[in-house]
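Asks: There's a structure below that I have some questions on.
The values are calculated or read from the model by the stated rules, or taken from the named source; none is laboratory data. Every value quoted in this text rests on a predicted model; they were computed, and no experiment measured them. Note that each Cβ is placed from the backbone with ideal geometry, even for glycine, and that neighbours are counted across all protein chains shown. These area figures cover heavy atoms from the full protein model, side chains too; ligands, DNA and RNA do not enter into them. Shrake-Rupley method; radii C 1.70, N 1.55, O 1.52, S 1.80 Å.
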Amino acid sequence: MKKESMTRALFFFIIVTFLTFFGSPFAKGTAKAETFRLTIGAAHPPVVIWVQRLRDFFCVEVEKRVKEKTGHEIKWVQAFGGTLAKMGEELEAVEGGVLDVSLIGLPFEPSKLYLHCFSYFVPFGIADLEQMTEVGFKVYDEVPWLKQVFEQKFNQKCLAPFASSGNVVIGSFPWQKIEDLKGKKIAGAGPNLLWFHPLGAVPTQINYGEAYSAGKSGVIDGGLATPGTTMAFKLYEVSDYYVECGFGAVLASVLTMNLNKWQKLPEAVRKILSEVSREYSFDQAR
């Protein structure tokens, strides 16, 4: 009996010693670590704050936390500036797996994501980006269909909505009252052009990447922009006038991930992606 007790004690001592120096075979980091290569994209280049922070905050934080907390690795292939998908092509690119993660510009999907543009239909609202971001998450949480439609129809996981600062009107002509806009060719993303239909303006849908050349050549007389994009795309060089109208912030995009790729990731990695996506939305809003 005494010999048996000593044997058990010795066995216990060996097990404790092994765990102390080598760790549990079931502990984090001892399971087989994997490297996941993900292609992330956006139609705009990193000169705009939301793509810059996608690169410098989202990608960096996901890499760091996944390695620290799970032992796995994320390796990003960055395809910004429309490298793999231009404006209006991102939804299909993520759906088909050309991109694994991307920002989807809601105004440029008028038939597929029309209802997601709801914030454009109530201008002159919240100006604060962080408040609008809070509103975005609350609406998406309380109306689950807004997220579910991405999975059910477009083979992607909706990670987070994100807000864009309020539009200003820039252009080559002076104006002080709405009657001055009649007959003027005004550019915008799409849903925000509805603001100008009743004013007799001529709405023209273009994206920021096209705005400079359109303004310089006279294709447009003016357009909607944000203070940040006016600087980032140097639109001030082709616009003599800048008018703040108080339109308020809008929910301009969502960050999504290809559903097939999402489902192949370990649960711990998916949790980190969800956490950092939410933080990214607020980070780029500050």
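Asks: Can you say whether SER102 is modelled with pLDDT of 95 or more, under 30 Å from LYS75 (Cα atoms), small (Gly, Ala, Ser) and not in a loop (DSSP other than H, G, I, E, B), as far as the supplied structure shows?
Replies: Taking the combined requirement at face value, the residue satisfies it.
Asks: Sticking with this one: For the range 125-148, what are the residues that are at pLDDT 95 or above and either touching a Phe, Trp or Tyr at 6+ places or on another chain (Cβ under 8 Å) or small (Gly, Ala, Ser) (or both)?
Replies: GLU130, THR133, GLY136, VAL139, LEU146, LYS147
Asks: Can you name every residue in the range 67-81 that is in contact (Cβ under 8 Å) with a residue 60 or more places away in the chain, surrounded by 18 or more Cβ atoms within 10 Å (Cβ to Cβ) and out of contact with any Phe, Trp or Tyr (no Cβ under 8 Å at 6 or more places or on another chain)?
Replies: Across the range 67-81, the qualifying residue is only THR70.
Asks: Could you list all residues from the range 56-92 that are of a type in the set (Asp, Glu) and within 17 Å of ILE104 (Cβ to Cβ)?
Replies: GLU89, GLU90, GLU92
Asks: Let me ask something additional. Has the range 264-271 got at least one residue that is open to solvent by 10 Å² or more (accessible area, probe 1.4 Å), in contact with a Ser or Thr (Cβ under 6 Å, 6 or more places away or on another chain), at pLDDT 95 or above and on the phi < 0 side of the Ramachandran plot? Please lay out each step first, then the result.
Replies: Narrowing the range 264-271 to residues open to solvent by 10 Å² or more (accessible area, probe 1.4 Å): 264, 266-268, 270-271.
Of the ones still in play, those that are also in contact with a Ser or Thr (Cβ under 6 Å, 6 or more places away or on another chain) are 268.
Subset that is at pLDDT 95 or above: 268.
Within this subset, residues satisfying the condition of being on the phi < 0 side of the Ramachandran plot are 268.
The answer is yes, given that some residue of the range 264-271 is open to solvent by 10 Å² or more (accessible area, probe 1.4 Å), in contact with a Ser or Thr (Cβ under 6 Å, 6 or more places away or on another chain), at pLDDT 95 or above and on the phi < 0 side of the Ramachandran plot.
Asks: To continue, here is another question. Across the range 165-194, what is the total count of residues that are surrounded by fewer than 16 Cβ atoms within 10 Å (Cβ to Cβ) and part of a helix (DSSP H, G or I)?
Replies: Selection size over the range 165-194: 4.
Asks: Taking the range 82-94 on its own, how many of its residues are out of contact with any strand residue (DSSP E or B) (no Cβ under 9 Å at 6 or more places or on another chain) and either open to solvent by less than 30 Å² (accessible area, probe 1.4 Å) or outside any helix (DSSP H, G or I) (or both)?
Replies: Matching residues across the range 82-94 total 2.
Results for (1) closer than 20 Å to SER274 by Cβ; (2) at pLDDT below 95, shown as yes or no for each residue.
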site	(1), (2)
SER5	no, yes
PHE13	no, yes
GLU34	yes, no
PHE57	yes, no
VAL60	yes, no
LYS69	yes, no
ILE74	yes, no
ALA79	no, no
LEU84	no, no
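Asks: Mind listing just one residue for me: the one in the range 95-134 that is among the aliphatic types (A, V, I, L, M) and surrounded by fewer than 17 Cβ atoms within 10 Å (Cβ to Cβ) and, of those, farthest from the chain's Cα centre (by Cα)? Steps first, please.
Replies: Just the residues of the range 95-134 that are among the aliphatic types (A, V, I, L, M), to begin with: 98-99, 101, 103-104, 106, 113, 115, 122, 126-127, 129, 132.
Going one step further and asking which of them are surrounded by fewer than 17 Cβ atoms within 10 Å (Cβ to Cβ), we end up with 115, 122, 127.
On the way: LEU115: 18, VAL122: 22, ALA127: 19 Å.
Taking the candidates together, the pick is VAL122.
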